[in-house]
Amino acid sequence: MPTTASISSWHGKLDLAYENRNGKTQLIRQYGRSPLKVQRSFYPEGDSICHNAIVHTAGGMVGGDRLSQTIRLSPGSRVLLTTTAAAKVYGTRGRSRLHPEGIESQQTINIDLAENTCLEWLPRENILFDGSLFQQQMRVNLAAGSTFLGWEIVRFGRTARGETFREGEYKSYLEVYRDNIPVWIDRSRIAADDPLLNSANGLHGQPVIASLVYIGEAISTELVSEIRALSDGNIGVTRLMSGLLCRDRGASTVASRTAFVAIWDRLRYHYMQRSACLPRAWAV
Amino acid sequence: MYLPYLLQLVSPALPVGAYSYSEGIETLVATGTIASANTLKSWLETELRCGAIRLETAATIRAYRAEGNTDAILYWNAWISASKETEELREQSWQMGSALRRLLGTIAPSLVPIFDELGDNCNYGIAFAIAASHWQIPLEVVAVGYLHSWLSNLVGAGVKLIPLGQTQGQQILIELYPIVEAMATELRSLDDGDLDCCAWGLSLASMNHETLYSRLFRS
């Protein structure tokens, strides 16, 4: 990486490790390096599920920023993770005379789920400013009997201000492995200079895309029909080999999240026999 | 001598049932997104450049190169299954793969052991790669052949569904050949770390195909 970029860019790090101690999921190890840190644990639905919110104290990512997170769940632990605010990725292309092409903002997330664990990964949305270059690599390793539910909601451009995404690139890889065999590979890339923002193959002119993935036990066709009915068919729903995928393409991150919360709630009955418990961080 | 084998493998007469799959085109025609030769061509062109067929073809190329390395072939087979966006697209790949696997078991019996290792969920691209490598078809034409058979099948689906004249369908094929050639070259040199695509439109069209009221096609 060019030294000119590293002077002003963040190399944030967050490592979290959870353990089930006598039925209580506890955050037993945490290491945070600015701008990443984790707020204190909450137990709004009893000891077995630990809720944590991750904070990005700098407010957003600039070109050259690198964030890396490692999350480990020991056998029998259950965790709900969210973020306290939307993740903003600022424009970098055309912003600097030294790097007119811009420099990527990168985020790497590695998640290890041991036997009989459950991680719910429910971050706030990503907002890609015009000219931003965002790369995310997320890898989830699952052991037997573990469950992962995660979503990603992305807005291209600050549309409320009339900004469109005319330049830049979004790249997000999510790879889920069970016992080293790939079970869900989702490698998305959308660049502003290819036809995807407007073509039917891509965003079809919509500024928001969102996907929700559940990997755990196989899902019945009846449950798929129920989940489709929750959004009146507006959200794409299909079965994965041992789970479910939902895709949304629309105008509003709030609408996507509201629809996903309803789906998450229904799925939670399936894998945990509980209803959804909204993270406290969202209320602020 | 490889050419007759290649022609057999990419022929629409190969009994793998490709003609019964539209890969979302039936939904897109039903919703009016694809309604003409131009919109069909534009959809297929963007799929070739940026869509999920990139990943499938790239994994097929890797399985071809893995000749003899069973673990690598099994890995890329699992990788294709895991990267299929929807149940219908995954079932399509497995059903066509099974049909090709059964056929090869008879016409190329030395391939039976590798297909036994792969089991029931053998993706079409993997079966195609195993056959191509067995008949020593050069990789550059394997990649072009694979993309061409995918493209000509979907042009056929579009011609039937929109409907278009047969000549219009042939015209679309001809016009997309430079992109087929360019993608076949690009995908041969792509690093594993750069395998990506944008499948949002395909994914939604295929998901919605599962609930389409009246269906001629199985995907």
**Q.** Any chance B:E85 is of a type outside the set (G, A, S), in a loop (DSSP other than H, G, I, E, B) and within 13 Å of another protein chain (Cβ to nearest Cβ)
**A.** yes
**Q.** Yes/no for B:I80 being more than 17 Å from B:P178 (Cβ to Cβ) and surrounded by 21 or more Cβ atoms within 10 Å (Cβ to Cβ)
**A.** yes
Q | Contacts under 7 angstrom Cβ, first residue in the range A:169-193 being touching a residue at least 40 places away in the same chain (Cβ under 8 Å) and facing chain B (nearest Cβ under 7 Å), partner of a type outside the set (D, E, K, R) and not in a strand (DSSP E or B), 6 or more apart | A | A:V183/A:M241; A:V183/A:S242; A:V183/B:A82; A:W184/B:A82
**Q.** Meets criteria (open to solvent by less than 40 Å² (accessible area, probe 1.4 Å) and modelled with pLDDT of 95 or more) for A:R187
**A.** yes
(Q) Show me the strands (runs of 3 or more DSSP E) entirely contained within the range A:1-106 in which 1 or more residues are aromatic (F, W, Y). (A) A:11-21, A:24-33
Q | Options B:A184, B:A199; residue that is among the aliphatic types (A, V, I, L, M), away from chain A (no Cβ under 14 Å) and within 19 Å of B:I80 (Cβ to Cβ) | A | B:A184
**Q.** Complete set of residues in the range A:209-234 that are in a loop (DSSP other than H, G, I, E, B), open to solvent by 10 Å² or more (accessible area, probe 1.4 Å) and of a type outside the set (D, E, K, R)
**A.** A:G216, A:A218, A:S220, A:S231, A:G233, A:N234
Q: From B:F115, B:F217, B:F128, grab the single residue that is more than 14 Å from chain A (Cβ to nearest Cβ) and assigned to a loop (DSSP other than H, G, I, E, B).
A: B:F217
Q. Among (1) modelled with pLDDT of 95 or more; (2) out of contact with any strand residue (DSSP E or B) (no Cβ under 7 Å at 6 or more places or on another chain), which single condition is B:G68 missing?
A. (1)
(Q) Here's a check for you: in the range A:265-284, which residue that is open to solvent by 70 Å² or more (accessible area, probe 1.4 Å) and not in a helix (DSSP H, G or I) is farthest from A:S41 (Cα to Cα)? (A) A:Q273
(Q) Among the residues that make up the range B:45-54, is at least one of them more than 12 Å from the chain's Cα centre (by Cα) and at positive phi? (A) no
Q. Among the residues of the range A:138-162, which ones are polar (S, T, N, Q) and surrounded by fewer than 19 Cβ atoms within 10 Å (Cβ to Cβ)?
A. A:N141, A:T159
(Q) Out of B:T46, B:T86, I need the residue that is surrounded by 15 or more Cβ atoms within 10 Å (Cβ to Cβ) and touching a strand residue (DSSP E or B) at 6+ places or on another chain (Cβ under 8 Å). Which one? (A) B:T86
Q: Would you tally the residues in the range A:236-251 being more than 18 Å from A:V183 (Cα to Cα), part of a strand (DSSP E or B) and more than 7 Å from chain B (Cβ to nearest Cβ)?
A: 2
Q | Extreme residue, farthest from the other protein chains (Cβ to nearest Cβ), among residues of the range A:198-208 that are within 22 Å of the chain's Cα centre (by Cα) and open to solvent by 20 Å² or more (accessible area, probe 1.4 Å) | A | A:P207
Q.
Quick check on my filter: what residues within the range A:235-256 are farther than 27 Å from A:G145 by Cα and either open to solvent by 70 Å² or more (accessible area, probe 1.4 Å) or charged (D, E, K, R) (or both)?
A. A:D248, A:R249, A:A251, A:V254
Q: Would you check if there is a residue in the range B:58-73 being within 12 Å of another protein chain (Cβ to nearest Cβ) and either open to solvent by less than 10 Å² (accessible area, probe 1.4 Å) or within 12 Å of the chain's Cα centre (by Cα) (or both)?
A: yes
Q. Given the conditions (1) within 30 Å of B:P113 (Cα to Cα); (2) touching a strand residue (DSSP E or B) at 6+ places or on another chain (Cβ under 7 Å); (3) open to solvent by less than 20 Å² (accessible area, probe 1.4 Å), and given that B:S93 satisfies all but one, which numbered condition is not satisfied?
A. (2)
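The values are calculated or read from the model by the stated rules, or taken from the named source; none is laboratory data. Everything numeric in this text was worked out from a predicted model, so none of it was measured. Virtual Cβ from ideal backbone geometry, glycine too; neighbours counted across all protein chains shown. Surface areas here come from the heavy atoms of the whole protein model, side chains and all, with no ligands, DNA or RNA. Shrake-Rupley method; radii C 1.70, N 1.55, O 1.52, S 1.80 Å.
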